[in-house]
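Read through the structure below, which is laid out as structure tokens, and then see the notes.
The values are calculated or read from the model by the stated rules, or taken from the named source; none is laboratory data. Keep in mind that what you see is a predicted model, and the values were worked out from it rather than measured. Here the Cβ positions follow ideal geometry from the backbone for every residue, glycine too, while neighbour counts run over all protein chains shown. Heads up: the accessible areas ignore ligands, DNA and RNA and are worked out on the full protein's heavy atoms, side chains in. Shrake-Rupley method; radii C 1.70, N 1.55, O 1.52, S 1.80 Å.
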Amino acid sequence: MCGGRGTRLDTEVEKPLFRIGGVPMVERVVGALEDSSAERIIAATSPNAPDTGSHLDVPCIETPGEGYVADLDAALNDDRLSRPVLTVAADLPLLDGEIVDCVLDEHSGGSLSVLVPASLKRELGVSDDTTFEDGDREVAPTGVNVVGDGSDDAWLTRDRRVAVNVNTLADARVAEQWL
């Protein structure tokens, strides 16, 4: 998923092409997927990030750019995809093949949402503006999911590789520290 506007990042560079450690975030994510057991990589782009698709050396699905959920829905309805589908946000510069494989190993059918405790995001010093209650704990989505048919499940992890989404310049500084 690499078609977001990135308005909170407050930069002229398209969010997926924003550099962490000198490398565009989307390249880091593609590299993590290449280093994993994921079978193929297809990027979901949008008019909000027009240079990202041409920058990538993977097939792209053009989505309308109407927000994450609408773009995800458009991508999932593309004939090139069949479920289950691993979805990964382009703003996860710490992602690597090992954690991607952990997510795939946790998936046992249906859909899987990868969550982290909201407290971990606060401990790391990254933005936590999208949190919700899951039972008796406050959690945050990571931007990594498996979308399948059937029941929904969640995997709660304390792994910073999926906890550090870069949404702001402060988040980018935190990510740089952990590279």
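Worth a mention:
- Cα gyration tensor category, rounded, prolate or oblate, for the stretch 27-122 with a/c compared to 1.5: rounded
- Percent RCO, i.e. relative contact order, over the chain, from Cα pairs under 8 Å lying at least 6 residues apart: 25
- Taking label positions 7 Å along the Cα-Cβ direction at both Asp105 and Leu179, the computed distance is 2.8 nm, reported to one decimal.
- Using a Förster distance of 22 Å, the FRET efficiency for Glu34-Phe132 (Cβ separation, nearest 0.05): 0.10
- Per residue, the accessible area of the chain comes to 50 Å² when a 1.4 Å probe rolls over the protein heavy atoms.
- Residues of the stretch 148-179 with amide N under 15 Å of the 7 Å Cα→Cβ point at Glu123: 156-164
- Fraction of accessible area attributable to carbon and sulfur, the chain (%, probe 1.4 Å): 45
- Antiparallel content of DSSP bridges confined to the chain, in %, to 5: 65
- A viscosity of 1.002 mPa s and a temperature of 20 °C, combined with the Kirkwood radius over C-alpha pairs in the Stokes-Einstein formula, give the chain a diffusion coefficient of 132 µm²/s.
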